[in-house]
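Colleague: Before we start, here is the structure in question, set down as structure tokens.
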Amino acid sequence: MLCSKVRMALVHETEEVSSHEDMVGAFALLYHHVFSFIKPMALKCVVDLGIPDAIHRRGGAATLSCIAADTGVHATRIPDLRCLMKLLTTSGLFGAATTADGEVVYTLTAASSLVVGPRGLSNIVRFEAGPVSVTPFFDMPAWLRTAPAPDAPKSLFELTHGRSRWDPANADDDTMNDAAFAESQLLIEAVLSDHGDVFRGLTSLVDVGGGHGSFAKAVATAFPNIKCAVMDLPHVVADAPIADGSVQFIAGNMFESIPPADAVLLKYVLHCWGEDDCVKILRRCKDAIPARDAGGKVIITEMVLGSGPRDRNVAETEEMHSLFLTCISGVGREEHEWKKIFSDAGFSDYKITPVMGPISVIEVYP
Ligand code: SAH
């Protein structure tokens with residue numbers, strides 16, 4: 001009964017796109033989707049070539065021939081380079097102006113400025129648009145048809161790469177920790193400049209799944225009285241840059257135990273896991289911290305879907321990010337979903353503070 005109702009609704013919709021204008025719109029929308037994969041590829045290409053840095057070195061504006069000369073693009077490929085720059089100009093990553101003698105000068109926009117310099121977000125682009133992240137999506141139909149079983153792959157990532165996202169073998173061929181480092185800098189600045197109160201009064205903090213310790217280091221620098229530690233898997237901790245003593249690195253498994261501290265920080269950790277695993281991790285966090293009136297809390301930075309300033313780009317980015325997470329069997333969550341996990345793990349209360357677009361700091365109290 002329901003199926004035939006659905007069928008009627010669909011037939012009705014199909015009839016509605018039968019006018020010429022609607023067909024043109026439908027065709028344009030379909031083509032837009034088909035070719036959308038080219039955007040991250042183009043962005044990754046300019047990042048790999050070092051084009052935003054080259055424009056920056058030329059004072060923020062450069063002609064195509066200057067860009068080519070600075071980045072090793074062969075003179076015969078300049079028409080292709082023009083095509084690349086035109087796309088990214090149309091999509092807002094670069095600006096373009098024509099000089100009196102007819103030459104086009106490309107400029108950085110706010111978005112491409114973010115990938116300039118060693119602290120820029122270029123590694124995020126390399127990671128998200130790189131082959132390790134992209135290739136699993138070719139296997140998505142097979143993944144969706146895979147029934148859970150003890151010997152079946154546990155995630156789309158595992159189906160494609162034959163190992164878990166957290167397998168030490170990934171350390172050689174992916175850029176996740178470099179990407180995390182760059183992104184952390186930006187987020188830390190946003191958190192510390194406007195929301196530093198989150199850390200005030202703490203005497204110790206352990207950043208669980210803290211990777212190479214960029215966030216913990218920034219907290220230790222801004223708050224020298226907080227004793228900061230990072231706990232991550234042994235191979236991640238072993239690869240962390242030589243510690244300068246400001247942060248202690250601890251190898252461990254967050255599903256087993258977490259070292260005691262006033263606060264546990266979980267940055268982009270819980271979105272990698274399903275509900276049951278999140279509850280397990282949070283229970284270990286609860287064991288590690290003191291009671292609320294003694295200052296105990298868990299500090300989470302994550303997207304809270306549907307929060308923050310809204311526009312179509314934000315909504316679509318949230319959905320794309322959630323689908324990206326499904327690759328590792330991770331989950332994007334709305335506030336009510338976060339709330340359920342916190343209460344299932346035995347926490348009494350939480351406070352969400354939006355920091356950067358849909359990214360928030362969530363303080364969770366025992
Ligand atoms: N907090 C960092 C990294 C997030 S990615 C950032 O914001 O960029 C998730 C992190 O969890 C990775 O560093 C991964 O190595 C770590 N991780 C995965 N499984 C873990 C486990 N069982 N115990 C501790 N850390 C783990």
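Colleague: If you roll a 1.4 Å probe over the heavy atoms of the protein chains, what accessible area per residue do you get for the chain, in Å²?
Modeller: 53 Å²
Colleague: Tell me what the chain gives for mean residue ellipticity at 222 nm when only DSSP H runs of n ≥ 4 count, each as -39,500 (n - 2.57), the sum divided by the residue total, rounded to 500 deg cm²/dmol. The partial results should precede the final answer.
Modeller: Values: 17 runs with 171 residues, N = 366.
Using -39500 (n - 2.57) per qualifying helix, the result is -13500 deg cm²/dmol.
Colleague: Which values, in whole Å and largest first, are the semi-axes of the equivalent ellipsoid of the range 248-328 obtained as the square root of 5 times each eigenvalue of the Cα gyration tensor?
Modeller: Working through the eigenvalues yields semi-axes of 28, 16, 10 Å.
Colleague: Kindly report, to the nearest 10 Å², the accessible surface of Asp293 as traced by a 1.4 Å probe over protein heavy atoms only.
Modeller: 150 Å²
Colleague: Probe radius 1.4 Å, ligands and nucleic acids ignored: give me the carbon and sulfur share of the accessible area of the chain as a rounded percent.
Modeller: On the way: 11670 of 19560 Å².
The nonpolar share, carbon plus sulfur, comes to 60 percent.
Colleague: With a ≥ b ≥ c taken as the square roots of the eigenvalues of the C-alpha gyration tensor of the range 282-366, please select rounded if a/c is under 1.5 and otherwise prolate if a/b is larger than b/c or oblate if it is not?
Modeller: prolate
Colleague: Under 12 Å from the Cβ of Leu325, count the other residues' Cβ atoms, weight Lys and Arg +1, Asp and Glu -1, and hand me the total.
Modeller: -2
Colleague: Highest GNM mean-square fluctuation, the chain, Cα pairs closer than 10 Å: which of Arg163, Arg145, Arg200?
Modeller: Arg145
Colleague: Using a Cα distance threshold of under 18 Å, what count of lysine pairs results for the chain when pairs must be 8 or more residues apart or interchain?
Modeller: Lysine pair count for the chain: 24.
Colleague: Using just the Cα positions, wrap the chain in a convex hull and report its mean projected area in square nanometres, one decimal place.
Modeller: Values: hull surface 95.8 nm².
If I average the Cα hull's projected area over directions, I get 24.0 nm².
Colleague: What do you get when you divide the Cα radius of gyration of the range 113-244 by 2.2 N^0.38 Å, with N the number of residues? Each step should come with its number before you reach the end.
Modeller: Details: Rg = 17.7 Å, N = 132, 2.2 N^0.38 = 14.1 Å.
The value comes to 1.26.
Colleague: Right, another one. Quick one: which residues, 5 or more positions from Tyr350 or on another chain, have an amide H under 5 Å from its amide H? H modelled 1.01 Å from N in the peptide plane, none for Pro or chain starts.
Modeller: The list, which skips near neighbours in sequence, is Tyr365.
Colleague: Hey, for a label at Asp311 modelled as a point 7 Å past Cα toward Cβ, could you say which residues of the range 97-122 have their backbone N under 16 Å away?
Modeller: Residues 109-112 qualify, since their backbone N sits under 16 Å from the label point.
The values are calculated or read from the model by the stated rules, or taken from the named source; none is laboratory data. As the structure is a prediction and not an experimental result, all values here were calculated from the model. Glycine gets a Cβ as well: all are built from the backbone with ideal geometry, and neighbour counts include every protein chain shown. We work out accessible area using only protein heavy atoms, side chains counted, and drop any ligands, DNA or RNA first. Shrake-Rupley method; radii C 1.70, N 1.55, O 1.52, S 1.80 Å.
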